[in-house]
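As structure tokens, the structure follows; a few thoughts come after it.
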Amino acid sequence: MLKGRVAIVTGSTSGIGLGIAKELASLRADIVLNGFGDAGEIEAIRGGIEREHGVRTIYDGADMSKEDAVRGLIAATVEKFGRLDILVNNAGIQFTAPVEEFPAARWNAILAINLSAAFHSIAAAVPQMKKQCWGRIVNIASAHGLVASTHKAAYVAAKHGLIGLTKVVGLETAGSGVTCNAICPGWVRTPLVDKQIDDIAAQRGISQTEAARTLLAEKQPSLEFVSPAQLGGTVAFLCSSAADQVTGTAISVDGGWTAQ
Ligand code: NAD
């Protein structure tokens, strides 16, 4: 379905981004991996995707907190492959504290990586996508892009902002063959959430299993985690012709979280 297409997935060395990259590779898109981690492990992931799916796969370690690096990632991809068809803005970080104790440095880092990086990458990618008369921009927001929780001032603000950015870009690219949408996952069991499960287990003196159940019970009616592969499938839908008229929207994949 995506043979000949080139996809960048930011933050794809782990968790949701890796699941999305694997799904797009399974549909034959060439992949640009990005994110932090152990060099040997990243090379094993890169080589594994290339071997399993027979697609060109490169790694670019651009730091999404830095404007020049984000814009450089887009430019380097177009230079290397001659095109850019799919941009998945997925890199993200979390930090929790009451607003009056929230460190300004954490606020700035979360806004830079979870929101401003998407602005810079989209601004750099749209001219190329318009030239091609086809492009898919997918921003990985969150249920926290639609509703709030305590102690997540920066994350909730960034994710709400990301959905606003998605709407504007959806309007500005309408009719050009380029679409821009957000996906709003509920809880997904990744390193980002494992840390929050660890915190609940430590605070309440309960096991990891009980802490995971507590986390789900507080927000997610299905009581089941969303999987990275399911989110990969949602991105694949947005890249299909069935989604040609889906733009500027936010798709919830959250086990019922935001239906409440
Ligand atoms: P994760 O921690 O497993 O992965 C985050 C990825 O981002 C990693 O590859 C990491 O190396 C990369 N990254 C972090 N800082 C970076 C930087 N400065 N530059 C480049 N890459 C950087 O987390 P995840 O749970 O897979 O989260 C991925 C996205 O999904 C995030 O935007 C997150 O907010 C969102 N999300 C996660 C959940 C969940 O329950 N896990 C729910 C809703 C939304």
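Throughout, read-outs are computed from the coordinates displayed, never taken from laboratory work. Quantities reported herein were computed from a predicted structural model and do not represent experimental measurements. Heads up, the Cβs are rebuilt from the backbone with ideal geometry, glycines too, and the neighbour counts pull from every protein chain shown.
A few remarks follow.
- Given charges at beta-carbon only (K, R positive; D, E negative), |dipole| of region 1-107 in Debye: 520
- Only helical runs count toward this figure. For the chain, summing -39,500 (n - 2.57) over DSSP H runs of n ≥ 4 and dividing by all residues gives -15500 deg cm²/dmol at 222 nm.
- Length-normalised contact order for region 219-260 - Cα pairs under 8 Å, 6+ apart - percent: 65
- Taking Cα atoms only, the orientation of helix 208-219 departs from the longest principal axis of the chain by about 80 degrees.
- Here is the tail figure for the chain: Cα pairs spaced more than 31 Å apart come to 21 percent of all pairs.
- Leading residue at positive end of dipole, the chain (Cβ point charges), from GLY82, GLY161, ALA217: GLY82
- Each Cα pair under 8 Å and six or more residues apart adds its sequence gap; the mean of these over the residue count of region 113-202 is a relative contact order of 34 percent.
- Summing Cβ point charges (Lys, Arg +1; Asp, Glu -1) relative to the Cα centre of the chain gives a dipole of roughly 640 debye.
- Length-normalised contact order for the chain - Cα pairs under 8 Å, 6+ apart - percent: 20
- Across LYS130/LYS219; LYS66/LYS167; LYS80/LYS131; LYS80/LYS195; LYS159/LYS219; LYS22/LYS130, pairs whose alpha-carbon gap is larger than 28 Å: LYS130/LYS219; LYS80/LYS195
- For the chain, built as a Gaussian network whose Cα springs stay under 10 Å, the top-fluctuating residue of SER227, SER26, SER241: SER241
- Each other residue within a Cβ distance under 10 Å of ARG28 adds +1 if Lys or Arg and -1 if Asp or Glu, for a net charge of +1.
- Positive-end residue of ALA117, PHE36, GLY177, charge dipole of the chain with Cβ unit charges: GLY177
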